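Enquirer: Have a look at this one before I ask anything.
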Amino acid sequence: MASNGTAASPPCPTTLPATSNGSWQGDNPLDHALPLAILQICLVLVVTRSLAFLLRPLRQPRVVAEIIGGVLLGPSALGRSKAFLNNVFPKQSLTLLDTLANIGLLFFLFLIGLELDLNSIRRTGKPALAIAVAGISFPFALGIGTSFIFHSTVSKDARQIPFLVFMGVALSITAFAVLARILAELKLLTTDIGRMAMSAAAFNDVIAWVLLALAIALSGSGSPLVTLWVLLSGIAFLIFSFVAIRPALAWMAKGSQEGEPVKELYICVTLATVLAAGFITDAIGIHALFGAFVVGIYVPKDGPFGRVMIEKIEDLVTSLFLPLYFVSSGLKTNVATISNGQSWGLVLLVITTACVGKILGTILVALLVKIPCREAVTLGFLMNTKGLVELIVLNIGKDRKVLNDETFTIMVLMALFTTFITTPIVMAIYKPARSATPYKHRAIERNDTQSELRILTCFSGNSNISTLVNLIESSRGIRRHGLIVYALHLMEFSERSSAIYMVHRTRRNGLPFWNKTANSGNRDQYVVAFEAFERLSHVSVRPMTCISELQTMHEDILASAQQKRVALIVLPFHKTMQPDGSFQSFGRAYQQINQRVLERAPCSVGILIDREFGGRAQILASDVSYGIGVIFFGGADDREALAYGASMAEHPGIALVVFRLSLLSSQVSITLDETDRAADDAAIAAVRASNESIRFQESQVQTQAEFVNAIKDLAKCNLVLVGRSTPTMGPTSCLDCPELGPVGSYLATNEFSSTTSVLVLQQYDTAANGEQTQQVQCSDLAESSDTP
């Protein structure tokens, strides 16, 4: 009998050795833990990234591709092949795979905690708070009701109280990080509806984690006394974290000054704290993830400490380890378990329940707080976004034996479906009215030179802030109605956690990046520079932020220019000057932004080639002493450069010289017609009459060498203005920077100068924009002459 019992017992799975001796010595790498883990990671990355690329035209967040990739690699698709499953994902390897996935998830929850700003949640307005409460309570109640149906059909063996709590939590979650990326993709992140959704989702996230902790505590041994001890121990950990961990993190953050590297010891201690907190909460019986999440929440959000922590770990965690968690979930998801009409009916039921509870609850409360109907419906679908947190809940429920295979699969399909439909539905029902505001002053060249001048300056970092400030000061002139400058901070939004951290920083105090509190601990260089300039000058500098992917950033720039009715957009050149005078490119994507803006701009555009115009320090108005040159061949763009130069010449500290070059027929082709020639002569005459201090030099050039010799004196100027579409000097097909034009491309080379900044201007073409011309003509009847 004993032998029979022994023979009947299942064999224990063999443990995989760590490394192999190599194929040449007869070892199969797939029979060893390390090479098998490497293969699994590479396969996961290839599958998920390929799916993300394929889903890109549908504008789906990457989490959708990762969920689908995990399901495809599991028993629902490729895993149906026993050969594939036994060789690539054998049972002996799943423990190591789950361990790696959970380590990555542990640090990802730390990043999620860093993304959540409790101060912002405390400042959540009553409408967003009401929407968040409704978005949790309605689906939670419906989830409890749905759990009874599941319990009587496919989950008869589940303990009822933990099961209904898990179902309620699973249906009530809003994925904060996924929502932020969807909002960025749809250009809604900085709109009113985007801010409302982000505030409500942040509050929802915190409550969901509290409910999940309760669900885990209830899913223990079943003894009420044990559940009570788990809850009390969890509360004790929170108190300990607040009393001990929070001050320690604050002390390390205080010792990390802006502009100085964060000490390696601080980073090591913080990461060790994350692991230790995870161990404590796992020992308590909640889950290791909660400890990491709490530590992330307590990391101070001001200063460089939190930002550096994200930069150190986000790429490794989100790119390498986190996709393993989706595969770990996919290996537990078997669509084949949904094998009859009843099961598919439950899929339909849970999707309907999730959508009705979250969407309808949000819509009703949004209407009660006076949000328009279309925005209310949009909020409802946005709040129905699921993602990684949903999978975490479901995996914990399955590991705790609360959810069986069929229920787990049904809930995964629900999460995938609700997230997948969010983007296309929101795109269909909500098209924010970015109607083109009619205005007539779309260029610097105008008849009313005393009218208000509006400029949109764009920048992506601190390197050219002093140049922008000095350019604004030079543009101030003596206009009767002054100068208004919109400083647009271009910030790339990506799949990284630092993108969410960046969003929090831009939304702090309800301002984009402008922080006017005297005791601010995070006063960046551009904030200080613009604040100081605004106080010392009569120029109104208004901050704006563009948070967008590089491929669509030009849309935000164009929309901002149209909305603010600016006459000129100043874009940074896609190359930045190095200490040796050479230029280093930011990348092709930044060059394409400039090219797209030039093609579709509603006003004039300038591309600034920065060679430290005015030096690295801000210059006071009384100390301004700049030499500025204008190269004038003729044509609309050159007239725009001349008009801008004449406006700058009104400043008492600026000396302007205009080089008017006449082209002789030779290697140089000329495309000016009689109308352009007459307009050029009139523009030159008007500038001569308006300011006698402006110097003019006229030359005739026949070859490119003569042109170079004619403008060599301009290398002594601080800034040169030139039109983009000057008469072509030789072939243009070989230009590396066609957005600068032939002359601008030459001025961008070190052959011309290594110290002179250049602004290449393109004038708004009214004739080529008939629709906008019609708007201007209509607006002329309604607007006074002083309106820009």
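The values are calculated or read from the model by the stated rules, or taken from the named source; none is laboratory data. Values in this document were obtained by computation on a predicted structure and should not be read as measured data. Using ideal geometry, Cβ is built from the backbone for each residue, glycine included, and neighbour counts are taken over all protein chains shown. All accessible areas refer to the heavy atoms of the entire protein, side chains included, with ligands and DNA or RNA removed. Shrake-Rupley method; radii C 1.70, N 1.55, O 1.52, S 1.80 Å.
Enquirer: What length, rounded to one decimal in nm, is gained on full extension from Ile144 through to Ala682, with 0.36 nm per residue of separation minus their alpha-carbon distance?
Expert: The Ile144-Ala682 span can extend by a further 185.8 nm.
Enquirer: Leaving ligands, DNA and RNA out of it, report the carbon-plus-sulfur percent of the accessible area of segment 530-596 at a 1.4 Å probe.
Expert: About 46 percent, which is the carbon plus sulfur part of the accessible surface.
Enquirer: Long-range amide H contacts for Val658: which residues qualify at under 5 Å (H placed 1.01 Å from N, peptide plane, sequence gap of 5 or more or a different chain)?
Expert: For Val658, whose amide H was placed from the backbone, the distant partners under 5 Å are Val630, Arg695, Phe696, Gln697.
Enquirer: When the chain is fully extended, how far beyond the present Cα-Cα distance does Trp229 get from Thr153, taking 0.36 nm per residue of separation?
Expert: That works out to 24.1 nm of additional length.
Enquirer: Compare Trp344, Trp209, Trp24 by solvent-accessible area with a 1.4 Å probe and give them largest first, with all protein chains kept in place.
Expert: Trp24, Trp344, Trp209
Enquirer: Leaving out ligands, DNA and RNA, what percent of the accessible area of segment 343-386 is carbon and sulfur, probe 1.4 Å?
Expert: About 79 percent, which is the carbon plus sulfur part of the accessible surface.
Enquirer: Hey, with R₀ at 25 Å, roughly what FRET efficiency would Cys373 and Thr191 work out to, going by the Cβ-Cβ distance, to 0.05?
Expert: 0.90
Enquirer: Along Cα→Cβ, 7 Å out, is where each label goes; now give me the distance between the ones at Thr15 and Ile38 in nm to one decimal.
Expert: About 2.3 nm separates the two model spin labels.
Enquirer: With a probe of 1.4 Å, find how much accessible area segment 28-167 has per residue, and write the answer as a whole number in Å².
Expert: With the other protein chains kept in place, segment 28-167 gives 44 Å² per residue.
Enquirer: Amide H of Lys332: which non-local residues (sequence gap of 5 or more, or other chain) have their own amide H closer than 5 Å, using H built in the peptide plane?
Expert: Those qualifying (amide H under 5 Å, at least 5 residues apart or on another chain) number zero.
Enquirer: Sort 385-398, 414-427 by packing, meaning the average of other beta carbons within 10 Å per residue, with the highest value first.
Expert: 385-398, 414-427
Enquirer: Quick one: net charge around Leu324, please, counting Lys, Arg +1 and Asp, Glu -1 for every other residue with C-beta under 11 Å from its C-beta.
Expert: Here the count lands on -2.
Enquirer: Then there is this: How much accessible area does Lys301 have with a 1.4 Å probe, in Å² rounded to the nearest 10?
Expert: The accessible area of Lys301 comes to roughly 20 Å².
Enquirer: Taking θ = phi - 60°, what integer Hz values does the Karplus form 6.51 cos²θ - 1.76 cosθ + 1.60 yield along segment 454-461, in sequence order, with x for Gly and Pro?
Expert: Result, ordered by residue: 10, 10, 10, 9, 10, 8, 10, x Hz.
Enquirer: Per residue, how much accessible area does segment 168-239 have with a 1.4 Å probe, in Å²?
Expert: Per residue, segment 168-239 has 32 Å² of solvent-accessible surface.
Enquirer: Something else now. Using a 1.4 angstrom probe, figure out how much accessible area segment 263-340 has per residue, in square angstrom, rounded to the nearest whole.
Expert: Ligands and nucleic acids excluded, the figure is 35 Å² per residue.
Enquirer: HN-Hα J couplings of segment 23-30 from phi, Karplus 6.51/-1.76/1.60, θ = phi - 60°, integer Hz, Gly and Pro as x?
Expert: 5, 5, 9, x, 8, 8, x, 6
Enquirer: For segment 304-315, just list the computed ³J(HN,Hα) in residue order, Karplus coefficients 6.51, -1.76 and 1.60, θ = phi - 60°, integers in Hz, with x standing in for Gly and Pro.
Expert: Computed from phi, the couplings for segment 304-315 are x, 4, x, 5, 5, 4, 5, 4, 5, 10, 5, 5 Hz.
Enquirer: For Leu72, Leu719, write out the residues from largest to smallest accessible area, computed with a 1.4 angstrom probe and no ligands counted.
Expert: I get Leu72, Leu719, largest accessible area first.
Enquirer: If I take R0 = 60 Å and measure r between the Cβ atoms of Ala250 and Gln160 in this structure, what FRET efficiency does the formula 1/(1 + (r/R0)^6) give, to the nearest 0.05?
Expert: Taking R0 as 60 Å, the efficiency between Ala250 and Gln160 is 0.85.
Enquirer: For Leu320 and Thr552, what is the calculated FRET efficiency with R₀ set at 22 Å and r taken between the beta-carbons, to the nearest 0.05?
Expert: Efficiency at R0 = 22 Å is approximately 0.20.
Enquirer: Continuing with this model, one more query. Could you tally the net charge around Asp736, taking each other residue with its Cβ under 14 Å from the Cβ of Asp736, Lys/Arg +1 and Asp/Glu -1?
Expert: The answer is 0.
Enquirer: Note down the net charge around Gln700, summing +1 for each Lys or Arg and -1 for each Asp or Glu among other residues with Cβ under 13 Å from its Cβ.
Expert: For residues surrounding Gln700, the net value is -1.
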